[in-house]
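Read the structure below first, then the notes.
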Amino acid sequence: MSKIGKKPIHIPAGVTIDIQNGKCTANGPLGQIVIVLHPAVDVKVEEGNIIVSLKKATKLTQPLWGTMASLIQGAVKGVTEGYQVELILQGIGFTAESTGNKITFKLGYAHPVVLDVPTGITAEAKQQRGFYAITIKGINKQEVGNFAGIIRKMKKADPYKIKGFRYVGEVVRKKQVKKTA
C-alpha cells in the first residue's frame with residue numbers, strides 16, 4: 001500500500017483538472033501541465049479532490065501508484081504556486097548576466113558560456129555582495145530542476161576554494177589544502 005497514493009489530492013480554487021484518453025491536464029493561473037497516466041492507474045475527480053487508485057495491485061504496479069499521485073500533486077502545485085530554484089555563483093572573476101531568454105556566464109574559461117533558457121522557464125541573475133544569485137522559476141518541477149542541474153554541472157563548487165555554483169542552503173565543506181611530503 002502506498003502512503004502517498006492513498007491520500008486524496010486537494011484541488012485549490014482556480015485549478016481545473018481534466019482526465020481524458022490516459023492524460024491528466026491541470027489548468028491554473030500560471031499555466032497548463034499535461035501528465036501521461038500509466039494504464040495500471042485509475043484517476044478520478046470527486047468532491048474537489050483527486051483520487052488515485054490502482055486497477056490491479058501487483059509488484060510491478062504498486063510503485064506506480066505513489067509516483068502517479070506525486071506527479072499529479074506536483075502539477076497542481078506548479079500551476080498554482082510554481083517552482084523556484086536558487087543558485088549561487090561565487091568566485092573571483094566569475095560573472096552571470098541574464099538577457100531575454102539567454103544567460104551568459106564567465107567562469108574562467110577563454111570564452112563566455114551562453115545558455116538558452118528553455119521555454120516555460122524564466123532565469124534571472126543578480127549581483128549580490130561577493131557572489132551572483134541565479135533564480136530559476138517555472139511551473140514544471142522537473143524542467144526547473146533539470147535546468148538548475150545543467151547550470152550547476154558547468155562549474156561545481158570547489159571544496160578547496162569554495163568557487164563555483166552551489167544551491168542556496170547547500171553546505172560545501174572546505175577541505176584543507178593538500179600537502180606534499
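Before moving on, here are some points about what is shown:
- The chain: angle of helix 141-154 to the longest principal axis, Cα-based, in degrees nearest 10: 20 degrees
- Burial ranking of peptide ranges 32-44, 131-143, 106-118 (average Cβ count within 10 Å, highest at the top): 131-143, 32-44, 106-118
- Hydrodynamic estimate: the Kirkwood radius of the range 27-181 over Cα pairs, inserted into Stokes-Einstein at 10 °C and 1.306 mPa s, corresponds to D of 87 µm²/s.
- Here the residues S98, S53, ranked from fewest to most Cβ neighbours within 10 Å of their Cβ, fall in the order S53, S98.
- Neighbour-count order for V168, V85, fewest beta carbons within 10 angstrom listed first: V168, V85
- Given R0 = 41 Å, the distance between the Cβ atoms of E46 and Q142 translates into a calculated FRET efficiency of 0.90.
- Percentage relative contact order, the chain, counting C-alpha pairs under 8 Å, at least six apart: 18 percent
- Entries of K77/K137; K106/K174; K102/K174; K126/K155; K44/K77 with Cα pairs more than 25 Å apart: K102/K174
A short reminder: the numbers here are calculations on the coordinates, not readings from a lab. Quick caveat, the model's predicted, so the values are computed rather than measured. Cβ coordinates were reconstructed from backbone atoms using ideal geometry, including for glycine residues, and neighbour counts include every protein chain displayed.
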